[in-house]
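The values are calculated or read from the model by the stated rules, or taken from the named source; none is laboratory data. Keep in mind that what you see is a predicted model, and the values were worked out from it rather than measured. For neighbour counting, all protein chains shown are included, and Cβ atoms are generated from backbone atoms with ideal geometry for every residue, glycine included.
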Amino acid sequence: MSNPVAIVGVGQTGYRRAHKDKSSSDLIWESAKLALDDAGMTIDDVDVVVQGVAPDALSGEICGEKTAIIGAGKPHLRVNTGGVTGSSAAFSGASYVASGRARAALVVSLERMGQATSSQQVFNTIFDPVYEKDFPLTTITMAALRASMLMRMYGYTEEHWAKIASRNYRNALKNPLAHIHKDYSPQDVMDSPLLAWPIHRYEACPMSEGACAIVIADERSAQGRTPAWIQGMASTSDSYAMGDRIHRPEATLVDLLTLRMSAERAYADAGVTDPVHEINVIELYSPFSSAEAMTYPALGLCKAEDGPAFVDRQGVDPELPVFNPSGGPQAANPVSATALVRIAEAALQVRGRAGDRQVPGVRRALATGQGGATQFSTVCVLGAQRPPARS
Amino acid sequence: MAADQDLITDVTDVEPVEIPGRWDFAFTYFAGNAASRFFAEIRENRRVMGTRCPKCRRLLVPARSFCDACFERTTEWVPVSNEGTLETFTIITAAFPGLPEPPVVLAYVTLDGADTALVNVVTGVDCSDIDAAAARLFEQPRVRLSFVAEPQGRMTDFSFVLAD
Amino acid sequence: MTDLFIEGVALDASWRDRDRSLTDLIFDAVRAAIDDSGQPLEGIDSVVLAAHDLVDGRSLSSMVTAPAAAAYLRDEIRYGDDGAGAFAAAMTRLEAGHNRRTIVAGWGRASEHDVDAVSHGLFDPFFGRPVGLDELAVSALRAQAWIQRHGTAGRDAAWRRRRERAARNPRAVTQSGVQQSAPYPLRPEELPVWADFAVAVVMSTEPAGVKVAGMGQSSDPYHLGDRDLVGMPALVDAAGKALADAGAALSDVEVVELDALTGFDEALAVEALGLAEPGSAFGYLAEHDSVNPSGGCAAGYCAPAMGLARIVEATLQLRGTAGPVQQDAPRRALATGSSTIGSQTQTAIVLEAA
């Protein structure tokens, strides 16, 4: 018995390299206030607060989120699941509301990495200290190892990576909250410095700070508000060991088995059978172009071997969903918050409140989350139509 | 009651304070028996060992005490070849604080006999022309292990080198 | 609301067991809890974790550790906070119909990290860290506030009895691996016995020996100056909600497992909950084994696993399998878990023999 729940409020501080004029608690409070205002609610209408911060080391604060909007007797949860922290926090809030233990949940994710001097040095410390941390494994090299495998297996070229990145930057021009507002062409991306072959600087996400908040409400609280109903949500975890997945028969390292499993479950709950035609907008957690390419077959949008051709069809074939109207993580990557930003942006599209980046006539939108060693995958399907109560 | 001029209503007219900090915490990581044995085999016998899962029968390299897919303890210890196939790679070309000076070639390699791939650096690759080096590694060359002169019982005791 | 039951439990306490890595400790506890449940692995669809990056020395701990807790191809989530809070969150997932059978696991390995540095690092870099606050300092501030009102009579007898219980508990670690100096007015015997913990529970909607009858959660504001340090309002609120949820009164509870960093915090909690009159906690603790029959933090301590450890000890009491510390056939138990910073959030769980 899952009761219908909906996103009824969204608040974002906007994302930039550093918000030097605001403390962690200021940023949390600001996004939370914007979300509550958007919902037409006060903190008293909310019965649980869920916050996501990950990894702590990026901000140099361990419990920065505990300095704000906590107290007053409300249950408070602290979610930390790496890249999927934001979506995990949203799902956790949704569980409290769907269980009947809360009328509404306030979900906030703050990223404070502007306080870090080097993110890649911190990211090296997420790897296994026994077998792997001695090597320069980082988020960038982890993506590069996959990108070269995708090129070999499915025929992607550097042009494909550049086209994906360029489209994301172009979309971000219409999003005032985005961190990067640069109209990079595919050639600009390919001409940018090489970080780790085959990844160039403009294919990689920036280091961004900012907070994102949403309000999730039960059916009764959603009445009279503008809801984006959660039609399906699912989360799946994989093995940490990347080397164990290279020969895995059911799905290799670049086939995103866990995203596929999450999509299958979320689609089943949402009644989606033909995602290409039944989903209008897709907000992807794809901090690198190659990470975005891996999602297409996993989400059932094309076959793996047709991935490069699928990139070429985007923006040309009007049948396809619109990808990352916000600009996606390549235009702003506040790590802790990024997966929640995807859900928030998808909700704004469904609610018709996305401003200049609004895609016309959105009935259903999808948001993904991706974290760990391409290991944690979440899928959230949002729609204008209230889902039936399941028994 | 404060005089009017003491009432602060605007806090934006101030120099934001920045406090320097260091994120420096000491840890002692216990590798446990499985990894300790793995390292001892490298140090003493210059060989790489895997452990076999009794359920899925995969030979897991590097060795570990349990198979996370089957959630079973591994049982058997089996050595694998010092040669294998490069599966995927990257050439790190940009410098980051606290990380090794570029260029560095990082790769996953399946040593012959193993069911999983192992990450390490590939040494001795001519990186004067990155595109040429990438083209060479893209062909999935054969590689072999190269051990340091005085192994310490760490992953850095060996690296991969091109076999031919 | 859907009824929930505890099907399996495991508590693995040790100190500096160099034969096992952190993932080995986790695997051993989770494997033992699954075996204890008698359920096949295939029937478990989800994993809820409580682990802290800085305690684990891995900047995204669950990346490396979740697979050791059977997260492989399952719905998994991690809370970077106390295990009882994770248990409560797992309850909502089951009640909402999002999961059917869940592993809840939490751990902390004091022998791998610098407990004082981490405790200090928890505080913010602007107001807390510069003045030297850490978790023990908060406990000392609480203790001093209480002593000023009530004095210290009966203190020794209370701790003696608690240490005796811990010594009888076969699951306990009773010698702290970390030497700490006790900030005034705390005494060495009131400090936590630092240890390495991995704790796991299997919970589902299918009837089993122990029913999860109620849950309550609450929180205090961040700044210590904004709080009632002695009255512990978050704990009182959480316990009240949990009892109301279970349709029970405090007098119906026969065993209490309280999470507290120090013996003094345990005494304060006993009074805050209303088990003892103000000023009489030491006397109460010297006469009752029903509060922390396990020995509490004298039987081993490492956040963020402690709330889940309290739930496991309470479960064993209700099953009648607590061993030498078993109480006389209790039917209902209350377990609590508190989080950093200075017990800022509290979770209370009411369990019943089914």
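Which residues, counting only those in the range B:98-107, are surrounded by fewer than 24 Cβ atoms within 10 Å (Cβ to Cβ) and either free of Cβ contacts under 8 Å to residues at least 12 places away in the same chain or facing chain A (nearest Cβ under 7 Å) (or both)?
Within the range B:98-107, B:Gly98, B:Leu99, B:Pro100, B:Glu101, B:Pro102, B:Val104 meet the criteria.
Taking the stated definitions as given, is A:Ala18 closer than 24 Å to A:Gln120 by Cα, in contact with a helix residue (DSSP H, G or I) (Cβ under 9 Å, 6 or more places away or on another chain) and surrounded by fewer than 24 Cβ atoms within 10 Å (Cβ to Cβ)?
Against the criterion (closer than 24 Å to A:Gln120 by Cα, in contact with a helix residue (DSSP H, G or I) (Cβ under 9 Å, 6 or more places away or on another chain) and surrounded by fewer than 24 Cβ atoms within 10 Å (Cβ to Cβ)), A:Ala18 qualifies.
Here are some residues: C:Asp116, C:Asp156. Which one is surrounded by fewer than 19 Cβ atoms within 10 Å (Cβ to Cβ), more than 21 Å from the chain's Cα centre (by Cα), away from chain A (no Cβ under 12 Å) and of a type in the set (Asp, Glu)?
C:Asp156
Return the pairs, sorted by first residue and then second, in which the second residue is assigned to a helix (DSSP H, G or I) and among the hydrophobic types (A, V, I, L, M, F, W, C), the first residue lies in the range C:7-30 and is closer than 20 Å to C:Ala166 by Cβ and at the interface with chain B (Cβ under 8 Å from one of its Cβ atoms), the beta carbons are less than 9 Å apart, and the residues are 6+ apart or on different chains.
If the second residue must be assigned to a helix (DSSP H, G or I) and among the hydrophobic types (A, V, I, L, M, F, W, C), the pairs left are C:Asp17/C:Leu25.
Kindly indicate the residue of the range B:62-90 that is in a loop (DSSP other than H, G, I, E, B) and of a type in the set (Ser, Thr, Tyr) and also surrounded by the fewest Cβ atoms within 10 Å (Cβ to Cβ) among those meeting that condition.
This residue is B:Thr75.
Could you check B:Ala26 against (1) more than 11 Å from every other protein chain (Cβ to nearest Cβ); (2) surrounded by fewer than 17 Cβ atoms within 10 Å (Cβ to Cβ); (3) touching an Asp or Glu at 6+ places or on another chain (Cβ under 6 Å); (4) of a type in the set (A, V, I, L, M) and say which number it fails?
Condition not satisfied by B:Ala26: (1).
When the residues of the range C:206-224 are filtered to those that are more than 14 Å from chain A (Cβ to nearest Cβ) and part of a loop (DSSP other than H, G, I, E, B), which remaining residue is surrounded by the fewest Cβ atoms within 10 Å (Cβ to Cβ)?
It comes out as C:Pro207.
Give the number of residues within the range C:1-36 that are part of a strand (DSSP E or B) and among the basic types (Lys, Arg). Can you show your working first?
If we filter the range C:1-36 for residues that are part of a strand (DSSP E or B), which is where we start, we get C:4-14.
Still in the list and also among the basic types (Lys, Arg): none.
Number satisfying all stated conditions: 0.
Restrict the check to the range A:49-58 and report whether at least one residue is farther than 24 Å from A:Gly369 by Cβ and modelled with pLDDT under 95. First the steps, then the outcome.
First, pick out the residues of the range A:49-58 that are farther than 24 Å from A:Gly369 by Cβ: none.
Among the residues of the range A:49-58, not one is farther than 24 Å from A:Gly369 by Cβ and modelled with pLDDT under 95, which makes the answer no.
Report whether or not A:Lys20 is more than 8 Å from chain C (Cβ to nearest Cβ) and basic (Lys, Arg).
Yes: the conditions hold for A:Lys20.
Here's the yes/no breakdown for (1) away from every other protein chain (no Cβ under 14 Å); (2) crowded, with 22+ Cβ neighbours inside 10 Å; (3) modelled with pLDDT under 95:
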{"site": "A:Ala144", "(1), (2), (3)": "no, yes, no"}
{"site": "A:Tyr154", "(1), (2), (3)": "no, no, no"}
{"site": "A:Glu159", "(1), (2), (3)": "yes, no, no"}
{"site": "A:Ala172", "(1), (2), (3)": "yes, yes, no"}
{"site": "A:Asp183", "(1), (2), (3)": "yes, no, no"}
{"site": "A:Met190", "(1), (2), (3)": "no, no, no"}
{"site": "A:Pro198", "(1), (2), (3)": "no, yes, no"}
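Would you point out which residue out of B:Ala95, B:Ala31 is aliphatic (A, V, I, L, M) and facing another protein chain (nearest Cβ under 8 Å)?
After applying the criteria, what remains is B:Ala31.
Evaluate the following for A:Arg78: is it facing another protein chain (nearest Cβ under 7 Å), more than 20 Å from A:Glu292 (Cβ to Cβ), among the charged types (D, E, K, R) and assigned to a strand (DSSP E or B)? Explain how you work it out, then say what you get.
Working: facing another protein chain (nearest Cβ under 7 Å): yes; more than 20 Å from A:Glu292 (Cβ to Cβ): yes; among the charged types (D, E, K, R): yes; assigned to a strand (DSSP E or B): yes.
Judged against the criteria, A:Arg78 is a match.
Could you please tell me which pairs satisfy a Cβ distance under 9 Å, a separation of 6+ or placement on different chains, a first residue in the range C:58-86 that is on the phi > 0 side of the Ramachandran plot and at pLDDT 95 or above, and a second residue that is surrounded by fewer than 24 Cβ atoms within 10 Å (Cβ to Cβ) and in a helix (DSSP H, G or I)?
C:Ala70/C:Arg31; C:Ala70/C:Ile34; C:Ala70/C:Leu41; C:Leu73/A:Leu257; C:Leu73/A:Met261
Which ones in the range A:316-335 are under 21 Å from A:Pro287 (Cβ atoms) and modelled with pLDDT under 95?
Passing the criteria: only A:Val335.
Determine which member of the set C:Leu54, C:Leu94, C:Leu60 is more than 14 Å from chain B (Cβ to nearest Cβ) and in contact with a helix residue (DSSP H, G or I) (Cβ under 7 Å, 6 or more places away or on another chain). Don't jump to the end; show me each part of the working.
Values: C:Leu54 fails: more than 14 Å from chain B (Cβ to nearest Cβ); C:Leu94 fails: in contact with a helix residue (DSSP H, G or I) (Cβ under 7 Å, 6 or more places away or on another chain).
Sole residue among the options that is more than 14 Å from chain B (Cβ to nearest Cβ) and in contact with a helix residue (DSSP H, G or I) (Cβ under 7 Å, 6 or more places away or on another chain): C:Leu60.
What's the total number of residues in the range A:357-386 that are in a loop (DSSP other than H, G, I, E, B) and either within 14 Å of another protein chain (Cβ to nearest Cβ) or free of Cβ contacts under 8 Å to residues at least 12 places away in the same chain (or both)?
Summing the residues that are in a loop (DSSP other than H, G, I, E, B) and either within 14 Å of another protein chain (Cβ to nearest Cβ) or free of Cβ contacts under 8 Å to residues at least 12 places away in the same chain (or both) in the range A:357-386 gives 5.
Please specify each residue of the range A:81-123 satisfying the condition of being touching a Phe, Trp or Tyr at 6+ places or on another chain (Cβ under 7 Å), under 22 Å from A:Glu61 (Cβ atoms) and either assigned to a strand (DSSP E or B) or at the interface with chain C (Cβ under 9 Å from one of its Cβ atoms) (or both).
A:Thr81, A:Gly82, A:Gly83, A:Val84
Within 23 Å of C:Gly83 (Cα to Cα) and either buried (at least 24 other Cβ atoms within 10 Å of the Cβ) or at pLDDT 95 or above (or both): does that describe C:Ala276? So that I can check it myself, show each step before the final result.
Details: within 23 Å of C:Gly83 (Cα to Cα): no; either buried (at least 24 other Cβ atoms within 10 Å of the Cβ) or at pLDDT 95 or above (or both): yes.
No: the conditions fail for C:Ala276.
Would you be able to say whether some residue in the range B:91-99 is within 13 Å of the chain's Cα centre (by Cα), over 13 Å from B:Val143 (Cα atoms) and either in a strand (DSSP E or B) or not acidic (Asp, Glu) (or both)?
yes
Looking at (1) under 25 Å from A:Ile126 (Cβ atoms); (2) modelled with pLDDT of 95 or more; (3) over 15 Å from the mean Cα position of the chain (by Cα), which is the only condition B:Val148 fails?
Among (1) under 25 Å from A:Ile126 (Cβ atoms); (2) modelled with pLDDT of 95 or more; (3) over 15 Å from the mean Cα position of the chain (by Cα), B:Val148 violates only (1).
Going through B:Val161, B:Val119 one at a time, which residue ends up being closer than 30 Å to C:Ala29 by Cβ, not in a loop (DSSP other than H, G, I, E, B) and not hydroxyl-bearing (Ser, Thr, Tyr)?
Answer to the selection: B:Val119.
Given (1) surrounded by 24 or more Cβ atoms within 10 Å (Cβ to Cβ); (2) in contact with a Leu (Cβ under 9 Å, 6 or more places away or on another chain), where does C:Asp252 come up short, assuming only one miss?
(1)
When you go through (1) part of a helix (DSSP H, G or I); (2) more than 20 Å from the chain's Cα centre (by Cα) one by one for C:Phe126, which number turns out not to apply?
(1)
Under the condition of being closer than 28 Å to B:Val78 by Cβ and hydroxyl-bearing (Ser, Thr, Tyr), which residue from the range B:114-139 is farthest from the other protein chains (Cβ to nearest Cβ)?
B:Thr123
Just wondering, is there one or more residues in the range B:37-52 that are polar (S, T, N, Q), more than 14 Å from chain C (Cβ to nearest Cβ) and under 30 Å from B:Thr75 (Cβ atoms)?
So in the range B:37-52, the residues polar (S, T, N, Q) come out as B:45, B:51.
Checking which are more than 14 Å from chain C (Cβ to nearest Cβ) leaves us with B:45.
Restricting the remaining residues to those that are under 30 Å from B:Thr75 (Cβ atoms) gives B:45.
Yes, the conditions are met somewhere in the range B:37-52.
Scan (1) touching a helix residue (DSSP H, G or I) at 6+ places or on another chain (Cβ under 8 Å); (2) outside any helix (DSSP H, G or I); (3) facing another protein chain (nearest Cβ under 8 Å); (4) free of Cβ contacts under 8 Å to residues at least 24 places away in the same chain for the single condition A:Lys133 breaks and write down its number.
(3)
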